[in-house]
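The values are calculated or read from the model by the stated rules, or taken from the named source; none is laboratory data. These figures come from a predicted structure and were not determined experimentally. Cβ coordinates were reconstructed from backbone atoms using ideal geometry, including for glycine residues, and neighbour counts include every protein chain displayed.
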Amino acid sequence: MAEKTVKDYIRTIVDFPHEGIMFRDVTTLFADPRGMRLCIDQLLAPYVGQQIDKIVGLEARGFIMGGAIAHQLGKGFVPVRKKGKLPGPVISEEYQLEYGEAVVEIHDDAIKKGEKVLIVDDLLATGGTAEAGIKLIERLEGEIVGCAFIIDLPELGGRERLEKLGVDIHALCEFEGG
């Protein structure tokens, strides 16, 4: 029997949160110790030996992998959160959602000028959240080493969008459709 891949641990839930959506659920990946270890090891593998100062996790599932990667690499972890969730002085970035807009924030002292940053999240769809995170880090004069995702949904154009910004993208698997 072949060894399981990260993709094998991810379940699909049909019509969630809306009809016609194929929700890629990574909680089944996180719940399995082998799946979780495989995921973290593969997410950080391209960055071992590179200079990285901080791991930035995008709310909310990016916190799970980001914290584990920061621990493995012995680096600091910084959350990018939805508006109103961080207690200290913040900078904000607005971005478009399918229906409306959203805002993410980062503490204004979380990244120092010239620090090398790896951004982590579970899913790359349209790239809006990741682009907002990139803009926040660039405003703080951090340097993006790359963005690491568990899942890429290539048909939604996020990879292309982020690569146009000059950002290196690492994804562990792809799924067709949205």
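Restricting the stretch 6-40 to residues that are of a type in the set (V, I, T) and in contact with a strand residue (DSSP E or B) (Cβ under 7 Å, 6 or more places away or on another chain), the residue that is farthest from I64 (Cα to Cα) is V14. Against the numbered list (1) crowded, with 18+ Cβ neighbours inside 10 Å; (2) in a loop (DSSP other than H, G, I, E, B); (3) not small (G, A, S), E176 comes up short only at (1).
Out of V90, V80, one residue alone is in contact (Cβ under 8 Å) with a residue 24 or more places away in the chain, among the hydrophobic types (A, V, I, L, M, F, W, C) and within 14 Å of G133 (Cβ to Cβ). It is V80. The listed residues are I119, I134, I150, and the only one of them that is under 12 Å from the mean Cα position of the chain (by Cα), outside any strand (DSSP E or B) and modelled with pLDDT of 95 or more turns out to be I134. Within the stretch 130-142, residues that are more than 17 Å from A60 (Cα to Cα) and among the basic types (K, R) reach partners that are modelled with pLDDT of 95 or more and not in a helix (DSSP H, G or I) with beta carbons closer than 8 Å, at six or more positions or on different chains, in the pairs K135/E93; R139/I91; R139/E93.
For the stretch 10-47, the tally of residues that are more than 22 Å from L156 (Cα to Cα) and either touching a Ser or Thr at 6+ places or on another chain (Cβ under 6 Å) or among the acidic types (D, E) (or both) stands at 2. Out of all the residues in the stretch 15-38, which are modelled with pLDDT under 95 and surrounded by fewer than 13 Cβ atoms within 10 Å (Cβ to Cβ)? If the condition is that a residue be modelled with pLDDT under 95 and surrounded by fewer than 13 Cβ atoms within 10 Å (Cβ to Cβ), then D15, F16, P17, H18, E19, G20 are the ones that fit.
Can I106 be described as assigned to a loop (DSSP other than H, G, I, E, B) and surrounded by 19 or more Cβ atoms within 10 Å (Cβ to Cβ)? Quick ask: steps written out before the conclusion?
Values: assigned to a loop (DSSP other than H, G, I, E, B): no; surrounded by 19 or more Cβ atoms within 10 Å (Cβ to Cβ): yes.
Here the answer is no, as I106 does not meet what is asked.
Residue pairs whose Cβ atoms lie under 6 Å apart, sitting 6 or more positions apart in sequence or on different chains, and linking a residue in the stretch 37-65 that is under 23 Å from I106 (Cβ atoms) to a partner that is among the acidic types (D, E), are D53/E115; K54/E115; L58/D121; R61/D122; G62/D121.
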